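What follows is a short report on a single structure.
Bear in mind that the values in this text are calculations on the coordinates, not laboratory data. This structure is a prediction, so every number in the text was calculated from the model and none was measured. Cβ: placed from backbone, ideal geometry, glycine included. Neighbour counts: every protein chain shown.
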Amino acid sequence: MIRTAAPRSLRSTPVRPGAALAGVAGILVLAGCGASPAGGAADTADGGSSAAYTDGTYTAEGSYQTPESIETIEVTVTLAEGVIEDVEVVGNPTKPESEEYQGRFIGGISDEVVGKSIDEINVSRVAGSSLTSGGFNEAIEQIKTDAAA
Amino acid sequence: MNPPTTLHTWRFEAIGTAWEIQTSALLGAETRAEVAALIADFDTTWSRFRPDSLVARLARGEGSVPVPRDAADMLAAYAALSDATGGAVNPLVGGALERLGYGPGYRLTAQQAAPAPSGWRQIVSWDAGRLALRTPATLDVGALGKGRLVDLVIALVASNAPGDIVVDASGDLAVRGAPVRIGLEHPYDPARAIGVVTIADAALSASATNRRAWGDGLHHVIDARTGEPVRTVVATWAIAQSSVHDAAMRADAIATALFFDGGPRLAHEWGIEWVRMLADGRVEYSPGSTAELFSGASVE
């Protein structure tokens, strides 16, 4: 989703397991398994394979390309005891759609949604991305083990 | 609102995820066996992850096979998705996913991203009783296949069990009868919900980039034009009323389309309600959305 700005050419190098945790997506997905300090070029250079699980606040500039433009945002992640405690995103990563498009096909847009604890909202089920199977989870565990080594 | 205690719950794992079927009438062993066989048949046909599947045979160069039951409906829906998203959704994306590591054996280490073959409709044909690929490629029906399977399963269950039914295939669910209140899981924190919605006689599909993900921005929703994972939208939910033909398949398809430009327009054309969360935490919704969203002001 949002990645420390790295020259496009760097992206062509094979992804090492350590580097796999450098992106914000990695942090969010593998919450609790650590993250590397996201400090611009140094982050991608050392791959962040050491010092995983270090608590603190990390900030990264992210940029990515949409079909029409290059968008930039700044992401700050706070880790406490190896778990994500806070994520803050500054910027506007979506290109504005035309007003006509918004009115006809998009009903509206909210401010940032923080959400509520599922325990409090009295639902009979929850819909999110599919739960993953044993094989996928084992592979993720292997990546985490490699990354923490 | 917890389900009444009279509901019977059947849980199992299939096609790489968790399933739960709730019915007010008890499902007999024979019906369960039929459901299991239906799912197994779908998996044997469409799974990219098993070497004996029909799509694996096509990927290995077996030019054509007898057209499977679900091919025409699913590929027609892919054509609509592909048109609506400017080619971002493409059923030949399987090879691009495998390059990123999401393929048989779950290698999960990425090679350089590569786009899916463009012009897929010149490569894939499904007429004259044959499903054929002009050149070997990996078909991937991930944009709507699980929704299709949910449609098939709830139809089979309904023909055997009167009353209320919920088929929840983890991310794709369908409801008949009594309304069900559903939390929209926060993609950054599975213990939270960004909102709730109540559905009855409808299908709801959710998609998010948080679980089938393996680091460095790598996850299973990719733009076929680049072979790169999407980044602007992080979670989507789509609701199709049962009156919509192939409701769960279309909800699943729209949940995929909403990661791209053009998704909201196709949802409008198909009459599908939706919600999507952007990477910065803001949430967009369809005109007439009935979901209650917990936006910044309502944090507890």
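Observations on the structure shown:
- Peptides B:35-45, B:243-253 ordered by average Cβ neighbours within 10 Å, highest first: B:243-253, B:35-45
- The dipole here belongs to segment B:42-133: it is taken about the Cα centre, uses +1 on the Cβ of Lys and Arg and -1 on the Cβ of Asp and Glu, and is about 260 debye.
- Rounded if a/c under 1.5, otherwise prolate or oblate - chain B, Cα gyration tensor axes: oblate
- Computed E for residue A:78/residue A:111 - FRET, C-beta separation, R0 22 angstrom, nearest 0.05: 0.60
- Sorting B:220-226, B:196-202 by their mean Cβ neighbour count within 10 Å, with the most densely packed peptide first, gives B:220-226, B:196-202.
- For peptide B:174-183, the mean count of partner chain Cβ atoms within 10 Å of a residue's Cβ comes to 3.
- For chain B, the 222 nm mean residue ellipticity estimated from helices alone, with every DSSP H stretch of n ≥ 4 adding -39500 (n - 2.57) and the total spread over all residues, rounds to -8000 deg cm²/dmol.
- Exercise: per-residue mean of other protein chain Cβ atoms within 10 Å, B:160-173: 2
- Placing +1 on each Lys and Arg Cβ and -1 on each Asp and Glu Cβ, with no other charges, gives segment B:1-92 a dipole about its Cα centre of roughly 180 debye.
- Placed amide H near residue B:221: partners under 5 Å, 5+ positions off or other chain: B:230
- The charge dipole of chain B, taken about its Cα centre with unit charges on the Cβ of Lys, Arg, Asp and Glu (plus for the first two, minus for the last two), comes to roughly 640 debye.
- ³J(HN,Hα), Karplus 6.51/-1.76/1.60, whole Hz, each residue of segment B:16-26, x for Gly, Pro: x, 8, 8, 10, 9, 10, 10, 9, 7, 9, 5
- Shielding of peptide B:272-280 by partners, expressed as the average count of other chain Cβ atoms within 10 Å per residue Cβ, is 5.
- For segment B:236-243, 3J(HN,Hα) computed residue by residue from phi via the Karplus equation (6.51, -1.76, 1.60; θ = phi - 60°) reads 9, 9, 9, 10, 10, 5, 4, 5 Hz, glycine and proline entered as x.
- Between segment B:138-212 and segment B:19-59, the alpha-carbon center distance in angstrom: 16
- Residues with amide H under 5 Å from that of residue B:67, placed H, sequence gap 5 or more: B:130, B:131
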